[in-house]
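The values are calculated or read from the model by the stated rules, or taken from the named source; none is laboratory data. Remember, predicted model here, so these are calculated numbers, not experimental data. Neighbour counts run over all protein chains shown; Cβ positions are idealised from the backbone, glycine included.
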Amino acid sequence: MSWRSFLTVRHPWIGLLSFLLFLGAVPGEGLPETSRELAECAKIEDPGERLKCYDSLAGRKSKEVVPAEESVKKPPPGETKKFSYFSHLWELEPETRRGKYSISPHNSNYILPYSYNSSPNYEAVREADPGKDLKHEEVAFQLSLKVKLWEDILGQKADLWVAYTQRSFWQFYNFEDSSPFRETNYEPELLLNLRTDYRLLGLRGRFINLGFNHQSNGQSEPLSRSWNRIVANAGFERGNFSLLLKGWCRIPESAEDDDNPHMGDYLGYGEIWGYYFWKGNRFGIMLRNNLDLHDNRGAVQLEWSFPILERIGGYLQYYNGYGESLMDYNHSVNRIGIGFILKNWN
């Protein structure tokens with residue numbers, strides 16, 4: 001006897017029971033409801049959420065899906081992107097920009113509580129006061145700030161800055177003469193800064209400055225010194241190295257108004273600055289030369305800034321040559337000093 005005959009003829013209640021069990025396993029409205037749920041899942045746009053919906057219908061727990069943008073490796077928490085010395089100095093990146101009218105450093109800001117000059121310029125000071133004496137020891141300091149007046153001029157990568165630098169040489173240790181200031185130079189500038197990005201000899205060109213520079217010592221004759229210049233500067237970088245090329249052209253003055261007609265013979269027409277940064281230290285060099293083979297004159301400055309505090313560093317400076325100050329433009333100075341510098345390269 002077949003199983004079908006057994007279920008339907010001899011034991012009809014078993015066939016009926018099997019049919020009822022089948023209906024209980026597949027409810028009458030189960031298939032239409034599942035179709036609606038699948039349709040709802042298909043409407044979900046986010047891939048991760050759509051997969052979760054399908055898995056919930058299948059009774060499975062899906063793994064967390066990481067969005068594509070979050071799968072990109074990010075810097076560890078607390079670690080910030082580092083920018084170069086020139087990026088901070090001239091606000092070359094969107095992240096380093098401070099907007100207009102914000103005061104920021106220009107040239108180095110430092111103080112040398114002790115400096116020793118082995119060759120003071122007695123001739124210049126005694127021209128005005130024959131009995132005046134000079135000490136070899138001096139305090140020297142420089143204050144240099146700038147402010148952005150106009151940002152993104154005419155929608156271009158150009159900013160207009162006004163800057164001011166003041167350098168003073170103080171005969172603090174000359175107590176017999178009441179510790180006078182020997183020389184102070186005042187240097188206002190108006191600079192158009194062009195943000196650039198090009199390659200030259202393996203270096204990255206970061207900016208070009210064009211502007212007007214006035215420098216004077218504010219004294220009367222015979223110690224008066226001043227000149228006006230059109231300046232052009234270019235900044236380059238590579239890794240931890242920064243290079244600044246500075247050039248200038250003096251604006252001619254009449255013979256009656258020119259306090260120092262031979263300034264170019266001693267200071268030339270430009271100078272080169274180089275900086276190398278290493279573990280919070282800054283090593284710097286300045287080279288200047290008049291490029292006159294018959295009567296060659298120039299100057300060199302070596303400096304080392306080393307870490308002390310977050311914003312304050314120790315500072316060692318050596319200068320040899322002409323033009324350390326306007327008073328000494330035609331006098332060769334040999335000076336070394338130690339002190340502190342305001343760090344603006346962190």
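Observations
- Segment 297-324, subset farther than 15 Å from Glu271 by Cβ and in a loop (DSSP other than H, G, I, E, B), residue modelled with the lowest pLDDT: Glu310
- Residue within segment 64-79 that is within 30 Å of Leu194 (Cβ to Cβ), touching an Asp or Glu at 6+ places or on another chain (Cβ under 9 Å) and at pLDDT below 80 present: no
- Among all positions in segment 273-288, there is at least one residue which is without any contact (Cβ under 8 Å) to a residue 60 or more places away in the chain and of a type in the set (S, T, N, Q).
- Residue check, Glu127 within 22 Å of Tyr329 (Cβ to Cβ) and either acidic (Asp, Glu) or in contact with a helix residue (DSSP H, G or I) (Cβ under 7 Å, 6 or more places away or on another chain) (or both): yes
- Residue check, Leu134 among the hydrophobic types (A, V, I, L, M, F, W, C) and either in a strand (DSSP E or B) or on the phi > 0 side of the Ramachandran plot (or both): no
- One residue from Leu194, Leu201 being surrounded by 14 or more Cβ atoms within 10 Å (Cβ to Cβ) and either within 18 Å of the chain's Cα centre (by Cα) or without any contact (Cβ under 8 Å) to a residue 12 or more places away in the chain (or both): Leu194
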